[in-house]
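> Before I ask anything, let me first share the structure, which is written out below as structure tokens.
The values are calculated or read from the model by the stated rules, or taken from the named source; none is laboratory data. Everything quoted here is computed from the prediction, not taken from an experiment. Positions of Cβ are backbone-derived with ideal geometry, glycine not excepted, and every protein chain shown enters the neighbour counts.
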Amino acid sequence: MDAVNIALATTDKDKSIGKVSKFNNILAGLLIVILSIILFFAILIYAIPPLTELVMKVNGFAPPSSEIFSPTPKDYAKIKLLTGKMQQKYVALTPPRPYIVVNTTYNRFKLYKNRRLIREGFCSTGSYTLLKSHFNREWIFQTPKGFYRIQGKITNPVWRRPDWSFVEEGLPIPSQNDPSRWEAGVLGDYAMSIGDGYLIHGTIYKRFLGMPVTHGCIRMNDDDLEAVYKTLELGSKVYIY
Amino acid sequence: MQKKFLKIFLLACLPIFALALVYFILKLVAVNGAVDRFQKFYSQLDGDDKSNAVFQLTNDSAYNAEQNSYAYYHAQLEAANSDSVVLCINFPDSTATLLIKGVTVHTAKIDRYRVSNFFTKIDQRILYKALSYPFRVERQTSSIPKVPLMIKIAPKDTSEYTPDIVPDTTDVNPVYFLLEAKPGMLVYFYETPKNQSRISFNGVITDIKDRTAILLDDLQRIVHFRKLDYKPSITLRLNRKDAKIIFRAIPNDALIILKLS
């Protein structure tokens with residue numbers, strides 16, 4: 001009986017060992033598959049591109065000897081002349097007259113005269129707000145990027161309020177000649193137009209200078225605005241990026 | 001038992017290496033195809049007679065330097081015809097510059113860069129011709145929005161009106177972006193981690209994503225029995241601020257000028 005019990009116990013033990021062993025095999029097999037897949041993708045992503053680059057470097061362009069050009073002093077002189085002319089044309093693109101550069105990402109401006117930086121400071125540019133009204137009209141408040149010119153200069157400007165300024169306050173839009181369209185004292189002492197309704201002007205919200213808070217115009221503090229106004233002329237270039 | 005699994009693992013690696021070798025060979029074939037396409041594209045490009053006359057195939061480094069400068073200035077003058085912001089990457093000076101009508105508006109220092117050896121396989125004359133014109137960007141992808149638009153619904157009346165709150169100008173999002181330019185060139189921009197010796201987790205993840213995207217495209221082509229595509233890549237590392245400025249400044253179809261050497 002004991003011998004039978006021992007034999008049965010041994011068989012059960014063998015069965016359980018067998019089950020554990022089978023489970024271990026499956027686990028190991030799964031691990032191998034996963035590791036293989038990871039290795040495969042790692043090779044393709046990280047080993048193949050540099051190997052490709054290495055082969056390209058080794059097998060670079062091999063020019064046929066008949067086509068190789070040996071420059072003479074005359075050829076040198078010719079290419080130097082052409083490059084020199086190109087360089088002169090390129091340098092001439094930077095205006096000697098005053099111009100201003102505005103950085104809309106970090107709200108900074110730089111004023112140049114005679115191709116030298118004479119002033120820089122903080123400004124405020126468009127807030128990238130999309131204002132949606134309840135009557136299918138919308139406005140996007142961003143400062144346009146690119147090349148512009150000063151098209152107009154004015155002192156003590158009075159703001160002619162556009163429709164969006166009423167819409168964003170929940171006010172009804174008045175007629176074009178309504179007195180409420182005109183607001184003095186909010187644009188500072190000077191304003192310069194760059195076209196399409198965009199201005200460089202002053203602000204009463206000086207604490208927001210350096211932040212993107214405007215409706216598209218470029219706002220500056222009083223001192224910077226005065227310096228910019230007195231430096232730039234009609235037709236002066238404005239570069240906004 | 002361990003030896004057995006090791007043996008199985010090694011056996012499993014054999015087909016992996018074999019498949020990797022096949023992929024490698026297909027990739028080399030793709031490179032040659034890309035070289036031919038690039039050369040054909042720029043050979044057909046009509047330049048002005050002066051630029052055609054200038055570029056020669058030579059081993060003279062001084063003459064090559066002059067040719068390079070000529071191509072660079074020519075590209076900048078071509079780009080100056082556009083009113084929009086142009087990106088100019090100068091590898092010898094390690095600078096990335098924004099230009100508008102030929103005027104430098106912003107200069108950024110490139111911390112590190114890597115340029116594909118693809119350009120060493122191109123006929124020099126054709127390469128200089130290519131570099132003498134700006135490349136046009138066809139596609140852009142990035143980790144930050146191009147235009148950080150905020151939508152505001154207008155109040156119905158004055159009772160609903162709330163004055164604008166101070167905008168949140170905290171700058172926490174990592175800046176990585178990719179510009180794909182014609183005729184098939186990838187320019188990757190990565191922000192440099194604050195501590196340059198530290199590897200940026202976001203940078204690693206972005207790098208893996210970029211590489212995986214290329215691999216998946218290749219695998220798709222293999223499955224559909226199409227030729228693999230190779231696009232030479234240029235990778236730049238810049239300060240985060242500069243990377244953000246550059247990405248936000250350039251338009252969707254931006255022009256890129258390159259000076260490789």
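> The conditions are (1) surrounded by 18 or more Cβ atoms within 10 Å (Cβ to Cβ); (2) of a type in the set (D, E); (3) at pLDDT below 90, and B:E66 fails exactly one of them. Which is it?
Only one criterion is unmet by B:E66, namely (3).
> So which residues in segment B:1-51 are within 23 Å of B:S116 (Cβ to Cβ), of a type in the set (S, T, N, Q) and modelled with pLDDT under 80?
Here is the first cut: in segment B:1-51, the residues within 23 Å of B:S116 (Cβ to Cβ) are B:20-45.
Now restrict to residues that are of a type in the set (S, T, N, Q): B:32, B:39, B:43-44.
Within segment B:1-51, just B:Q44 meets the criteria.
> Output the number of residues of segment B:1-45 satisfying the condition of being basic (K, R) and touching a Phe, Trp or Tyr at 6+ places or on another chain (Cβ under 7 Å). Don't jump to the end; show me each part of the working.
Kept after step one, since they are basic (K, R), are these residues of segment B:1-45: B:3-4, B:7, B:27, B:37, B:40.
Filter once more, so that each one left must be touching a Phe, Trp or Tyr at 6+ places or on another chain (Cβ under 7 Å): B:27.
Total meeting the criteria: 1.
> In segment B:70-149, which strands (runs of 3 or more DSSP E) lie fully inside it and hold 3 or more residues that are farther than 11 Å from B:L258 by Cα? I'd like the intermediate steps shown before the answer.
Values: elements: B:85-90, B:95-100, B:103-115, B:135-142.
Counting at least 3 such residues, we get B:95-100, B:103-115, B:135-142.
> Right, another one. Test A:S16 against the stated conditions and say whether it is more than 9 Å from every other protein chain (Cβ to nearest Cβ) and modelled with pLDDT under 80. It would help to see each step written out before you state the result.
Numbers: more than 9 Å from every other protein chain (Cβ to nearest Cβ): yes; modelled with pLDDT under 80: yes.
Yes: the conditions hold for A:S16.
> Quick test for you: out of B:Y128, B:Y230, B:Y190, B:Y133, pick the one residue that is at pLDDT 90 or above, surrounded by 15 or more Cβ atoms within 10 Å (Cβ to Cβ) and touching an Asp or Glu at 6+ places or on another chain (Cβ under 6 Å). Steps first, answer last, please.
Numbers: B:Y128 fails: touching an Asp or Glu at 6+ places or on another chain (Cβ under 6 Å); B:Y230 fails: touching an Asp or Glu at 6+ places or on another chain (Cβ under 6 Å); B:Y190 fails: touching an Asp or Glu at 6+ places or on another chain (Cβ under 6 Å).
Just a single option satisfies the conditions, and that option is B:Y133.
> Let me ask another. Going by the structure shown, is A:L234 surrounded by 13 or more Cβ atoms within 10 Å (Cβ to Cβ), at pLDDT 90 or above and either among the hydrophobic types (A, V, I, L, M, F, W, C) or not assigned by TED's automatic domain parsing to the domain that holds A:Y106 (or both)? Give the steps one after another, and end with the answer.
Working: surrounded by 13 or more Cβ atoms within 10 Å (Cβ to Cβ): no; at pLDDT 90 or above: yes; either among the hydrophobic types (A, V, I, L, M, F, W, C) or not assigned by TED's automatic domain parsing to the domain that holds A:Y106 (or both): yes.
So A:L234 does not fit the description; no.
> Is it the case, given these coordinates, that B:R240 is charged (D, E, K, R), free of Cβ contacts under 8 Å to residues at least 12 places away in the same chain and either within 13 Å of chain A (Cβ to nearest Cβ) or under 25 Å from B:Y42 (Cβ atoms) (or both)? Please lay out each step first, then the result.
Details: charged (D, E, K, R): yes; free of Cβ contacts under 8 Å to residues at least 12 places away in the same chain: no; either within 13 Å of chain A (Cβ to nearest Cβ) or under 25 Å from B:Y42 (Cβ atoms) (or both): yes.
In short, no.
> Something else about it: Scan A:E138, A:E183 and give me the residue that is within 30 Å of the chain's Cα centre (by Cα), surrounded by fewer than 18 Cβ atoms within 10 Å (Cβ to Cβ), under 27 Å from B:S159 (Cβ atoms) and among the acidic types (D, E). Reasoning before the result, please.
Values: A:E183 fails: within 30 Å of the chain's Cα centre (by Cα).
None of the other options fit; the residue is A:E138.
> Could you pull out the residue among A:L131, A:L111, A:L117 that is among the aliphatic types (A, V, I, L, M), assigned by TED's automatic domain parsing to the domain that holds A:A227 and out of contact with any helix residue (DSSP H, G or I) (no Cβ under 8 Å at 6 or more places or on another chain)? Even if it seems obvious, please write down each step before you answer.
On the way: A:L131 fails: out of contact with any helix residue (DSSP H, G or I) (no Cβ under 8 Å at 6 or more places or on another chain); A:L111 fails: out of contact with any helix residue (DSSP H, G or I) (no Cβ under 8 Å at 6 or more places or on another chain).
Only one candidate qualifies: A:L117.
> Determine whether segment A:174-195 contains at least one residue that is within 14 Å of another protein chain (Cβ to nearest Cβ), touching a residue at least 12 places away in the same chain (Cβ under 8 Å) and under 29 Å from B:D253 (Cβ atoms).
yes
> Please state which of the following conditions A:I38 fails to meet, knowing it meets all the rest: (1) in contact (Cβ under 8 Å) with a residue 12 or more places away in the chain; (2) assigned to a helix (DSSP H, G or I).
It is condition (1) that A:I38 fails.
> Being at pLDDT below 90, under 17 Å from the mean Cα position of the chain (by Cα) and surrounded by 15 or more Cβ atoms within 10 Å (Cβ to Cβ): is that true of B:I144 here?
Values: at pLDDT below 90: yes; under 17 Å from the mean Cα position of the chain (by Cα): yes; surrounded by 15 or more Cβ atoms within 10 Å (Cβ to Cβ): yes.
Taking the combined requirement at face value, the residue satisfies it.
> I've got another one for you. Take segment A:30-72 and flag every residue that is over 29 Å from B:A30 (Cα atoms), facing another protein chain (nearest Cβ under 8 Å) and loosely packed, with under 15 Cβ neighbours inside 10 Å.
Within segment A:30-72, the subset over 29 Å from B:A30 (Cα atoms) is A:30-34, A:69-72.
Add one more test, that the residue is facing another protein chain (nearest Cβ under 8 Å), and what stays is A:32-33, A:69-71.
Listed by number, the residues that qualify are A:V33, A:S70.
To keep it simple, each residue is scored yes or no on (1) surrounded by fewer than 13 Cβ atoms within 10 Å (Cβ to Cβ); (2) among the aromatic types (F, W, Y); (3) modelled with pLDDT of 95 or more; (4) touching a Lys or Arg at 6+ places or on another chain (Cβ under 8 Å).
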{"position": "A:Y148", "(1), (2), (3), (4)": "no, yes, yes, yes"}
{"position": "A:G152", "(1), (2), (3), (4)": "yes, no, yes, no"}
{"position": "A:F166", "(1), (2), (3), (4)": "no, yes, no, no"}
{"position": "A:Y190", "(1), (2), (3), (4)": "no, yes, yes, yes"}
{"position": "A:G197", "(1), (2), (3), (4)": "yes, no, no, no"}
{"position": "A:D223", "(1), (2), (3), (4)": "yes, no, yes, no"}
{"position": "A:V228", "(1), (2), (3), (4)": "no, no, yes, yes"}
{"position": "A:V238", "(1), (2), (3), (4)": "no, no, yes, yes"}
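> Looking only at residues that are assigned to a loop (DSSP other than H, G, I, E, B) and within 30 Å of B:I214 (Cβ to Cβ) in segment B:156-180, which one is modelled with the lowest pLDDT?
B:D171
> Check whether at least one residue in segment A:84-91 is within 18 Å of the chain's Cα centre (by Cα) and within 9 Å of chain B (Cβ to nearest Cβ), and report yes or no. Before the answer, list the steps.
First pass over segment A:84-91, keeping only residues within 18 Å of the chain's Cα centre (by Cα): none.
No, segment A:84-91 contains no residue that is within 18 Å of the chain's Cα centre (by Cα) and within 9 Å of chain B (Cβ to nearest Cβ).
> Further question: Among what's in segment B:211-227 and is within 9 Å of chain A (Cβ to nearest Cβ) and in contact with a Leu (Cβ under 7 Å, 6 or more places away or on another chain), pick the residue that is surrounded by the fewest Cβ atoms within 10 Å (Cβ to Cβ).
If we filter segment B:211-227 for residues that are within 9 Å of chain A (Cβ to nearest Cβ), which is where we start, we get B:211-212, B:214-215, B:218-219.
Now narrow it down to the ones that are in contact with a Leu (Cβ under 7 Å, 6 or more places away or on another chain): B:215, B:218.
Working: B:L215: 16, B:D218: 20.
Of everything passing the filter in segment B:211-227, B:L215 is surrounded by the fewest Cβ atoms within 10 Å (Cβ to Cβ).
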